[in-house]
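Here the structure comes first, spelled out in structure tokens, and everything after it is commentary.
The values are calculated or read from the model by the stated rules, or taken from the named source; none is laboratory data. These numbers come from a predicted model, not from an experiment. As a convention, Cβ positions derive from the backbone with ideal geometry for all residues, glycine included, and neighbour counts pool all protein chains shown. Ligands, DNA and RNA are excluded from the accessible area calculation, which covers all protein heavy atoms including side chains. Shrake-Rupley method; radii C 1.70, N 1.55, O 1.52, S 1.80 Å.
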Amino acid sequence: QFLAWTGRHRDELRIGLLVLVVLAGALLALGHFREQRMREADRALRDALTTFEAPITAELPAGAERPAGPVFANAEEKYKTAAAAFEGVERRYGSSAAGLRAKYFAALSRLELGQYAEAEKALKELQARGSGLEADLARLALADVYRRSGQVDKAVDAYRSFASNPSASLPRDHALMSAAQTLEDARRFAEARAAYQELVQQFPASVFAPSARTKAEYLSTAS
């Protein structure tokens with residue numbers, strides 16, 4: 001019966017097998033393409049990071065041999081080049097892991113250039129992704145944007161919000177320490193002292209605890 005059935009449906013079977021072969025080949029080709037694209041994305045991200053981490057001329061020790069890799073005349077030139085490189089990676093590789101990390105570092109480059117609005121926009125887009133490393137990195141960096149741009153209350157609120165999130169994927173004690181330092185820099189000493197004390201109470205084993213304790217004691221006498 002089987003042989004009779006196959007004899008009657010020979011053409012259908014031949015077409016079905018051909019379709020399976022084509023689909024298998026397409027899946028293999030797609031897998032190879034994705035793997036190749038991931039390697040290209042990682043390579044492009046590494047190249048951009050090399051620029052971001054490159055020294056500037058003024059940072060080189062006097063008389064030292066010029067290091068391998070790029071060296072920039074000043075910080076502005078370096079971060080402009082880095083921002084362009086990261087944004088290129090983001091455009092090409094979109095929502096891939098490399099694309100998202102490039103978006104984050106592009107925002108940091110814009111922050112270093114004092115382009116706070118551009119940095120804030122990119123970081124808010126990353127933060128909107130909800131959870132995960134990129135989103136948490138963006139939350140902390142966004143607080144840094146507010147701090148650097150003089151928006152003290154927004155910076156402190158952002159740091160505190162991060163520190164109060166038990167599911168955060170980055171150290172919460174660092175965020176609370178940053179909130180306290182932001183308040184101290186703004187000469188809001190009573191609030192800064194309370195934040196340092198809060199850090200010691202909530203994270204007694206933190207590497208920041210000894211410094212926070214010393215700061216709290218010192219600020220108790222600050223005017």
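Just the protein heavy atoms count here, and of the accessible area of the range 111-223 at 1.4 Å, carbon and sulfur take up 49 percent.
For the range 116-129, backbone phi angles converted through the Karplus equation (6.51, -1.76, 1.60; θ = phi - 60°) give residue-by-residue couplings of 5, 4, 5, 5, 4, 4, 5, 5, 5, 5, 5, 4, 5, 5 Hz, Gly and Pro being listed as x. Averaging 1/r over each pair of different alpha-carbon atoms in the range 42-122 and inverting the result gives 13.0 Å, the Kirkwood hydrodynamic radius. The HN-Hα couplings worked out from phi for the range 82-94 by the Karplus form 6.51 cos²θ - 1.76 cosθ + 1.60 (θ = phi - 60°) are 5, 4, 4, 5, 5, 5, x, 4, 4, 5, 7, 10, x Hz, whole numbers, x standing for Gly and Pro.
Estimated from the Cβ-Cβ distance and a Förster radius of 45 angstrom, the FRET efficiency linking F189 and L20 is about 0.05. The length gained on full extension between Q36 and A205, counted as 0.36 nm times the residue separation minus their Cα-Cα distance, comes to 56.4 nm.
Report the relative contact order of the range 114-223, percent, no decimals, based on alpha-carbon pairs under 8 angstrom and at least 6 residues apart.
RCO, the range 114-223: 17 percent.
Close amide H pairs (under 5 Å, H built 1.01 Å from N) link I56 with F72, residues at least 5 positions away or on another chain. Partners of K80 within straight-line reach, counting lysines whose Cα lies under 28 Å from its Cα and excluding those fewer than 8 residues away in the same chain: K103, K121, K124, K154. Over all directions, the projected convex hull of the C-alpha atoms in the range 108-166 averages 3.7 nm² in area.
Estimated at the nearest 10 Å², the accessible area of D185 is 110 Å² with a 1.4 Å probe. Under a 5 Å amide H cut-off, with hydrogens placed 1.01 Å from N, S96 pairs with nothing among residues at least 5 apart or on other chains. Percent of C-alpha pairs per 10 Å bin in the range 174-223, short distances first: 33, 58, 9. Taking a ≥ b ≥ c as the square roots of the eigenvalues of the alpha-carbon gyration tensor, the range 87-203 is classed oblate because a/c is 1.5 or more while a/b is no larger than b/c.
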